[in-house]
Each structure stands twice: as C-alpha cells, then as structure tokens.
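Taking it in order: structure first as structure tokens, then the write-up.
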Amino acid sequence: GGINQVGNDLFVAQGSMGLSWMQNTGIPAAKQYFKSGVAIVILMGVNDLRNQDNYISYLNSNVSSWTSSGAKVYFVSVNPCDGDYAHMNSRISTFNSNLKKGLSNKIGWINTHDNLTFKTVDGLHYNQDTSIKIYNYIKNKV
C-alpha cells in the first residue's frame with residue numbers, strides 16, 4: 001500500500017479498499033502527478049462491486065479536472081476469480097458492462113478481463129506471472 005515508484009511508473013495503491021479510499025486517500029495522494037504525458041490508470045478489485053453507480057458518478061464528475069493539464073484517464077476492467085470465488089464472476093461482468101457503458105468518453109476503457117488468462121494463488125489474488133501480464137497489457141494500451 002501507499003505510494004511506490006517503479007521506474008517511471010508511480011503506484012498509489014492499497015489492498016482491500018474501494019471507492020471511499022480512492023476518493024479520500026488515493027486520488028488526493030496522486031493528484032500532484034496529474035499533468036501532461038501522464039496516464040492515470042484506475043484498477044480496482046472485487047471489494048466494491050456494489051458501488052458501480054457511485055464509481056461512474058465520481059469518475060465522470062472528476063475526469064475533466066484530472067485531464068485539464070493534459071493527463072489521460074483509463075479504467076481497467078475488474079478481472080475474474082476462480083475456485084471458491086468463481087461465484088462472483090457474474091457480478092464482475094455486470095460491473096464491467098455497466099462501467100463501460102456509463103463512463104465518459106474522456107475515460108479510456110482497458111479490457112483485461114476478456115483479453116488475458118488469469119491464474120490465482122487462492123481464487124481471488126493473482127500469481128506473479130498473471131500480475132506481470134496485466135501490468136504489461138495496461139502499459140501497451142496507454
């Protein structure tokens with residue numbers, strides 16, 4: 001969790017969080033970096049699927065201010081689960097579909113869900129190879 005820099009990439013992240021954390025901690029911590037040439041990539045997990053309408057509202061009402069200095073905003077699809085968590089996949093698909101339809105055209109959509117294969121360590125969290133594949137796919141899309 002926190003702010004971590006890897007090469008030229010800055011990660012503002014915290015496990016087991018959702019929209020409230022993004023609004024109150026994540027975005028405020030990252031906002032100073034929103035400038036020309038920067039890709040703001042929002043990637044969430046399954047902790048907050050019930051908040052899809054609030055995500056749409058929050059992102060749509062803030063994207064213009066975030067991009068006013070030349071940054072670009074992207075939202076990454078929530079990815080599937082397996083094993084004991086596979087029952088969540090229909091909710092994940094609904095969340096992704098509603099976000100893709102509801103987000104402003106100023107927000108790019110990166111569909112890792114349908115374009116990668118996933119391996120987990122526990123049905124919910126991805127193994128290192130899968131995490132690297134997700135990262136590389138996103139890098140190629142921005």
**Asked** Which residues make up the longest stretch of the chain clear of trypsin sites (Lys or Arg not before Pro) that lie in a DSSP loop with no more than 12 other Cβ atoms within 10 Å, not counting the sites?
**Response** 36-118
**Request:** Could you check which residue among 104, 77, 16 shows the biggest mean-square fluctuation in a GNM of the chain with a 10 Å Cα cutoff?
**Result:** 16
**Asked** How many nm is it between the label spots at residue 54 and residue 106, if each spot is 7 Å from the Cα in line with the beta carbon?
**Response** 2.3
**Request:** In a Gaussian network model over the chain where Cα atoms closer than 10 Å are linked, find which of 39, 86, 13 has the largest mean-square fluctuation.
**Result:** 86
**Request:** Work out how much length residue 5 to residue 117 would gain on full extension: take 0.36 nm times their residue separation and subtract the Cα-Cα distance, in nm to one decimal.
**Result:** 37.7 nm
**Item:** For segment 21-124: accessible area per residue (Å², 1.4 Å)
**Value:** 52
**Prompt:** In segment 1-93, what percentage of the DSSP-assigned beta bridges are antiparallel, given to the nearest 5?
**Reply:** 50
**Request:** Whenever you get a sec, compute what percent of the accessible area on the chain sits on carbon and sulfur atoms (1.4 Å probe).
**Result:** 47
**Item:** Charge dipole magnitude, Cβ of K and R +1, D and E -1 - the chain, Cα centre, debye nearest 20
**Value:** 520
**Message:** Given the DSSP H assignment, sum -39500 (n - 2.57) over each helix run of at least 4 residues in the chain and divide by its residue total; what's the result at 222 nm in deg cm²/dmol, nearest 500?
**Reply:** -10500 deg cm²/dmol
**Complete:** Of 108, 70, 26, the most mobile residue in a GNM of the chain (C-alpha springs, cutoff 10 Å) is 70
**Message:** Run the paramagnetic zone check for residue 98: 7 angstrom along Cα to Cβ, then residues of segment 47-62 with backbone nitrogen under 18 Å.
**Reply:** 47-61
**Fill in**
Across all Cα atoms of segment 1-139, Rg and the largest Cα-Cα distance (Dmax), in Å, are 14.7, 44
**Request:** In square nanometres and to one decimal, what's the mean projected area of the convex hull around the Cα atoms of segment 1-65?
**Result:** 4.6
**Message:** Please compute the modelled spin-label separation between residue 68 and residue 31, points set 7 Å along Cα→Cβ, answer in nm with one decimal.
**Reply:** 1.1
**Request:** Can you tell me the FRET efficiency between residue 61 and residue 131 if r is taken as the Cβ-Cβ distance and R0 is 30 Å, rounded to the nearest 0.05?
**Result:** 0.45
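The values are calculated or read from the model by the stated rules, or taken from the named source; none is laboratory data. Model, not experiment: these values are computed from the prediction. Cβ: placed from backbone, ideal geometry, glycine included. Neighbour counts: every protein chain shown. Quick note on the areas: whole protein, heavy atoms, side chains included, nothing else; ligands and nucleic acids left out. Shrake-Rupley method; radii C 1.70, N 1.55, O 1.52, S 1.80 Å.
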